Amino acid sequence: MSPEQEHKGYVPLSMAEYNKLTHLISDILFTDHPPVIIPAEAILGIEAVAAGIAAPGRTIVNIVTGPYGSLFGKWLGRGGASVVEVKVPFDEVVTGNQVASAIKEFSPCALSFVQAEVVTGGSNPAKEIFKIAKEFNLITVTDSVSAVGGEALLVDEWGVDFAVIGAQKALAGPNGVSAVSISPRGWEFLESNKNAPRNSILSLLDLKPSLDGAAPLRVAPNIPTLEARALIQALMRIEEEGLDQVIKRHERAAAAAVAGIQSLGLEPWQKDSRHYSTLTTTVRISGKQDLQIEQPIGIVAPGDGELFGLLLRINHFGTNAARQSVEEAISTLAELLKEDPDQALQAVRQAWGE
């Protein structure tokens, strides 16, 4: 094999690339601490956190505003934790008062929730929840897989102990690699749990980075190289655009989508406009047979699981947080309803601000 042919072959992830990846993730989360790189889609990181913190004798308040919160609670229960479920209808999000009441009543050691619910189109009041948790000195866990890049998450400032992030939503990256941000307090909470997995794909402790700033001696062998490089590129694009601008682009897409559906005479699934997700706009079907679709059409998708037949999702995240994508989605809905899209498209453009 010639040197030229060898150069075209597989090249392992270098330490420089690995360090670049961890620094870019820390920057986007506003934390001084290196994350754990998860060699899979983010659901693995979510389950790993549940397995790592759950134990008999630990009471954990788990907020359920969508199906992923329900699943996380089951995993906590599987690990022996006493789970206090604070559940609201999936067309609402939790309130600070509901969170504070559960904490006062059950005296938990930790609290968990999903930051942005792409399945339901709602976004929980994350900053308020973390503030309440800090008042009670609770360990905090957030599934921010969808949220990061579409809304703020200030890990160190807000006191976030565990934050799971994915790449394939607002960050417009690959889905084969993800990360878990863990605070020093979070690591202590893991290490104090004798039931936390070791020598397991669910073991976060086996992947613990150095917290004193020292560079690792080698790249973890299980990190998928191509996905890691793709995530580096996605994060560099966000760095170039500016995280604030990326978030504003998602906010504009959400506002434009809501304006478009309302112009078509449709209602958002979420009841409170203060808590619409910036990543997806969910549309209440309300018995309209024309909106009963089986498969996605562009970025318009049917509801997941128990929400199938109740709502449609407009998935305006990542590269689809763009006016053209929202316009195409609104045109799709107009076509399903057999309506002229012109007025709704005008509403989209007006809301977008161009």
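The values are calculated or read from the model by the stated rules, or taken from the named source; none is laboratory data. Computed from a predicted model, the values in this text were never measured in an experiment. As a convention, Cβ positions derive from the backbone with ideal geometry for all residues, glycine included, and neighbour counts pool all protein chains shown. For the accessible areas, the whole protein counts, side chains as well, though only heavy atoms, and no ligand, DNA or RNA atoms are used. Shrake-Rupley method; radii C 1.70, N 1.55, O 1.52, S 1.80 Å.
Once the other residues with Cβ under 14 Å from the Cβ of ILE238 are scored (Lys, Arg +1; Asp, Glu -1), what is the net sum?
On the way: positive: LYS20, LYS169, ARG237, LYS248, ARG249; negative: ASP27, GLU151, GLU239, GLU240, GLU241, ASP244.
That works out to -1.
Using only the Cα atoms of the stretch 17-99, construct the convex hull and provide its projected area averaged over every direction, in square nanometres to one decimal.
Numbers: hull surface 28.3 nm².
So the mean shadow area of the Cα hull is 7.1 nm².
Output the antiparallel fraction of DSSP beta bridges having both residues in the chain, as a percent to the nearest 5.
Values: 21 of 39 bridges.
Of those bridges, close to 55 percent are antiparallel.
Can you give the extra length, in nm with one decimal, that the chain gains between HIS23 and SER82 once fully stretched, where that is 0.36 nm per residue apart less the Cα-Cα distance?
Details: separation 59, 0.36 × 59 = 21.24 nm, distance 3.58 nm.
Here the answer is 17.7 nm.
With each pseudo-label sitting 7 Å past Cα toward Cβ, what's the SER273-GLU251 distance in nm, one decimal?
If labels sit at SER273 and GLU251, their model points lie 1.6 nm apart.
From the P(r) of the chain, can you give the percent of Cα pairs sitting at distances over 32 Å? Kindly include the intermediate steps, with their values, before the conclusion.
On the way: 21186 of 62481 pairs.
That tail contains 34 percent of the Cα-Cα pairs.
State in Å² the accessible area per residue of the stretch 15-240; use a 1.4 Å probe, count heavy atoms of protein chains only, and round to the nearest integer.
39
Compute the projected area of the convex hull of the Cα atoms of the stretch 183-335, averaged over all viewing directions, and report it in nm² to one decimal place. Can you show the working numbers first?
Values: hull surface 53.6 nm².
Here the figure is 13.4 nm², rounded to one decimal.
Please report Rg (one decimal) and Dmax (integer) in Å for the Cα set of the stretch 312-354.
Considering the stretch 312-354 through its Cα atoms, Rg and Dmax are 10.3, 29 Å.
Normalised radius of gyration for the stretch 10-166, please: alpha carbon Rg relative to 2.2 N^0.38 Å, two decimal places.
Rounded to two decimals, the normalised Rg is 1.05.
If the limit is 19 Å between Cα atoms, which of LYS104/LYS131; LYS104/LYS134; LYS134/LYS194 go over it?
LYS134/LYS194
So between GLU92 and LEU154, what do we pick up on full extension, going 0.36 nm a residue minus the alpha carbon distance?
On the way: separation 62, 0.36 × 62 = 22.32 nm, distance 2.38 nm.
Difference between extended and current length: 19.9 nm.
Where the only charges are on Cβ atoms (+1 Lys, Arg; -1 Asp, Glu), what is the dipole of the chain about its Cα centre, to the nearest 20 debye? Could you put the intermediate results ahead of the total?
Numbers: 29 positive and 42 negative charges, 144 e Å.
That gives a dipole near 700 debye.
Taking R0 as 25 Å, what FRET efficiency do you get between ASN137 and SER101 from their Cβ-Cβ distance, rounded to the nearest 0.05?
Numbers: r = 17 Å, r/R0 = 0.69.
The formula returns an efficiency of 0.90 here.
What do you get when you divide the Cα radius of gyration of the stretch 250-344 by 2.2 N^0.38 Å, with N the number of residues?
Working: Rg = 11.9 Å, N = 95, 2.2 N^0.38 = 12.4 Å.
After normalising by residue count via 2.2 N^0.38 Å, the value is 0.95.
In the neighborhood of PRO224, defined by Cβ-to-Cβ distances under 13 Å, what is the net charge if each Lys or Arg adds +1 and each Asp or Glu adds -1?
Working: positive: ARG229; negative: GLU17, GLU41, GLU227.
So the surrounding residues net to -2.
Could you give me the ³J(HN,Hα) list for the stretch 241-247, computed from phi with Karplus coefficients 6.51, -1.76, 1.60 and θ = phi - 60°, whole Hz, x at Gly and Pro?
Each residue's phi maps through the Karplus curve to give 6, x, 4, 4, 5, 4, 5 Hz.
Which value, in Å² rounded to 10, gives the accessible area of SER273 with a 1.4 Å probe and all protein chains present?
80
I'd like the distance between the alpha-carbon centres of the stretch 51-81 and the stretch 304-354, rounded to an integer number of Å.
Here the two parts' Cα centres lie 35 Å apart.
At a 10 angstrom cut-off on C-beta neighbours, averaged per residue, how do the peptides 294-302, 20-28 rank from highest to lowest? Mind showing how you got there, number by number?
Working: 294-302: 14.4, 20-28: 18.6.
The densest-packed peptide leads the list: 20-28, 294-302.
So, with a 1.4 angstrom probe, what is the percent of accessible area on the stretch 69-186 that is carbon and sulfur? Present the calculation step by step, with values, prior to reporting the outcome.
Details: 1940 of 3840 Å².
The C+S portion of the solvent-accessible surface of the stretch 69-186 is 50 percent.
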